[in-house]
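Presented below is the structure to which this report refers.
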Amino acid sequence: MIEPRKGQAPAVLKRGEFHLEFQRSFFDPSFKAVQTEIAKVEQVAWENYINGNKSPITAKAGPDFAEPDYDLSVEWKSTRDKLIAAEATQKDSSTKSRVLLVCGSARNDGSCPGEISKTYRMTKLAVEILEAGGIEVDQLDLSLLISDYDKHIYPCKACVSTAMPLCHWPCSCYPNHGQRQTNDWMAEIYEKWVAAHAVIIMTPVYWYQTPGVLKLMIDRLVCADGGNPDPTTTSGKNAKKAKDIELKGWSYPKHLAGRVYGLVVHGDVAGIEGVRRSLSDWLDWMGLVDAGALSRLDRFVGYYESYAESHEVLDRDLAMQKEVRNVARAVMNAVAELRAGTLLMPDAGLDRPRPK
């Protein structure tokens, strides 16, 4: 076995350091009345932290796994079971077609920005078209990360760079109760992607890149492209075992391949084409299929005009509004062909000589 390289991780916190970190959540003077109770909770949290209590409740994996007696997190197993059920429904020809609409903006009027995003308005234009065409629409507004209480998408830990089989499908890195990394939204988001026949991502450009809320989701979807659906084969997060499995030959399963996608990228000065291309490249790599040239849109809204009037500019830009609707129409048409088995994918039967 190849030995994993070591030496980067810092030492665990000492008790006094942990106390300072823990108490920052209770800075508000209103917590003073319950300091005794908070101290008791802190002691339990300290013990969970120092003992590495990642998954406090487990159950035997069962006959569907390579090691039936392995103790799996009940939270991970619940997410995995939901994905299996969602996949079965998605592949059932009797069900209605379903499109996931992702709003990638980090702003809404429930927090500091004080105003809705133009991206959100564009998603509503697409909803009108899709629902009129009999499509079920699942809306995912990633701006809720800034306004909903204790909602998180935690960063990808890049387990895949140690070895692909160490990256589990769905992600098993979270929740980590010992590290107080809980309420991870991705468990629900994975199910939305699996249930969809198509995905439309709409996003603004932030400094030549996607907003952080969207990039967090993108990174956490790495497990959908080559991820290991059986954590018992790596005994959880055993890096040596994962390296050995990959070197013996790994199939890099594409868990979301075959779904249709569309894109709307908008900006005010620069960066729209680069972001649109990077999103297309990412979705292509995962095996999704674009719905044609009109389904991949990048446009400026209020080019070099004031931010203050950008919504008014969008009101006047009827061509842009129609182009957004056309993205939805193109995706809707492609989904119909996909489910009828007539969607043209000329490279579908080819083997990749270098899968990854």
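The values are calculated or read from the model by the stated rules, or taken from the named source; none is laboratory data. Computed from a predicted structure; not experimentally measured. Note that we place each Cβ from the backbone using ideal geometry, even for glycine, and neighbour counts take in every protein chain shown.
Is it true that some residue in segment 194-216 is of a type in the set (A, V, I, L, M, F, W, C), under 30 Å from Phe18 (Cβ atoms), in contact with a Gly (Cβ under 8 Å, 6 or more places away or on another chain) and at pLDDT 95 or above?
Yes, that holds for at least one residue.
Report, by residue number, each residue of segment 296-316 that is of a type outside the set (Lys, Arg), without any contact (Cβ under 8 Å) to a residue 60 or more places away in the chain and out of contact with any Asp or Glu (no Cβ under 9 Å at 6 or more places or on another chain).
Ser306, Ala308, Glu309, Glu312, Asp315
Taking Gln139, is it outside any loop (DSSP other than H, G, I, E, B), within 21 Å of Leu283 (Cα to Cα) and within 14 Å of the chain's Cα centre (by Cα)?
Considered against the rule, which asks whether it is outside any loop (DSSP other than H, G, I, E, B), within 21 Å of Leu283 (Cα to Cα) and within 14 Å of the chain's Cα centre (by Cα), Gln139 comes out as yes.
Does Ile57 count as at pLDDT 95 or above and crowded, with 18+ Cβ neighbours inside 10 Å?
Criteria not met by Ile57.
Scan segment 260-276 and give yes if some residue there is of a type outside the set (Val, Ile, Thr), crowded, with 20+ Cβ neighbours inside 10 Å and without any contact (Cβ under 8 Å) to a residue 60 or more places away in the chain, otherwise no.
Yes, some residue in segment 260-276 is of a type outside the set (Val, Ile, Thr), crowded, with 20+ Cβ neighbours inside 10 Å and without any contact (Cβ under 8 Å) to a residue 60 or more places away in the chain.
I'd like to verify a number: residues in segment 161-192 that are among the hydroxyl-bearing types (Ser, Thr, Tyr), surrounded by fewer than 19 Cβ atoms within 10 Å (Cβ to Cβ) and more than 19 Å from Ile245 (Cα to Cα), how many?
Number satisfying all stated conditions: 1.
Restricting attention to segment 47-77, which residues are among the small types (Gly, Ala, Ser) and outside any loop (DSSP other than H, G, I, E, B)?
Within segment 47-77, Ala59, Ser73 meet the criteria.
Of the numbered conditions (1) under 30 Å from Val260 (Cα atoms); (2) in contact with a strand residue (DSSP E or B) (Cβ under 8 Å, 6 or more places away or on another chain); (3) basic (Lys, Arg), Arg80 satisfies every one except a single condition; which is it?
(2)
Looking at Ser94, Ser111, Ser105 in this structure, which one is within 25 Å of His255 (Cα to Cα) and among the hydroxyl-bearing types (Ser, Thr, Tyr)?
None of the others qualify; the one that does is Ser94.
Within segment 85-120, track down each residue that is part of a helix (DSSP H, G or I), surrounded by fewer than 20 Cβ atoms within 10 Å (Cβ to Cβ) and of a type outside the set (S, T, N, Q).
Ala85, Ala86, Glu87, Ala88, Lys91, Tyr120
Please verify whether segment 334-354 includes one or more residues that are touching a Gly at 6+ places or on another chain (Cβ under 6 Å) and of a type outside the set (Lys, Arg).
Looking for residues that are touching a Gly at 6+ places or on another chain (Cβ under 6 Å) and of a type outside the set (Lys, Arg), one finds none in segment 334-354, hence no.
Answer yes if at least one residue in segment 281-303 is among the basic types (Lys, Arg), exposed (fewer than 12 other Cβ atoms within 10 Å of the Cβ) and either touching a strand residue (DSSP E or B) at 6+ places or on another chain (Cβ under 7 Å) or more than 21 Å from Ile129 (Cβ to Cβ) (or both), and no otherwise.
Checked segment 281-303: no residue is among the basic types (Lys, Arg), exposed (fewer than 12 other Cβ atoms within 10 Å of the Cβ) and either touching a strand residue (DSSP E or B) at 6+ places or on another chain (Cβ under 7 Å) or more than 21 Å from Ile129 (Cβ to Cβ) (or both).
Provide a single number: the residues in segment 22-54 that are surrounded by fewer than 11 Cβ atoms within 10 Å (Cβ to Cβ) and acidic (Asp, Glu).
Residues that pass the stated criteria total 2.
If I go through segment 18-39 residue by residue, how many of them are closer than 16 Å to Arg180 by Cβ and of a type in the set (D, E, K, R)?
Matching residues across segment 18-39 total 2.
Restricting segment 145-157 to residues that are touching a residue at least 40 places away in the same chain (Cβ under 8 Å) and out of contact with any Leu (no Cβ under 7 Å at 6 or more places or on another chain), which is surrounded by the fewest Cβ atoms within 10 Å (Cβ to Cβ)?
My answer is Ile146.
To keep it simple, each residue is scored yes or no on (1) under 24 Å from the mean Cα position of the chain (by Cα); (2) at pLDDT below 95.
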{"residue": "Leu288", "(1), (2)": "yes, no"}
{"residue": "Asp298", "(1), (2)": "yes, no"}
{"residue": "Glu312", "(1), (2)": "no, no"}
{"residue": "Leu338", "(1), (2)": "yes, no"}
{"residue": "Asp347", "(1), (2)": "no, yes"}
{"residue": "Pro353", "(1), (2)": "no, yes"}
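Take Val335 and tell me if it is under 29 Å from Ser251 (Cβ atoms) and surrounded by 11 or more Cβ atoms within 10 Å (Cβ to Cβ).
Taking the combined requirement at face value, the residue satisfies it.
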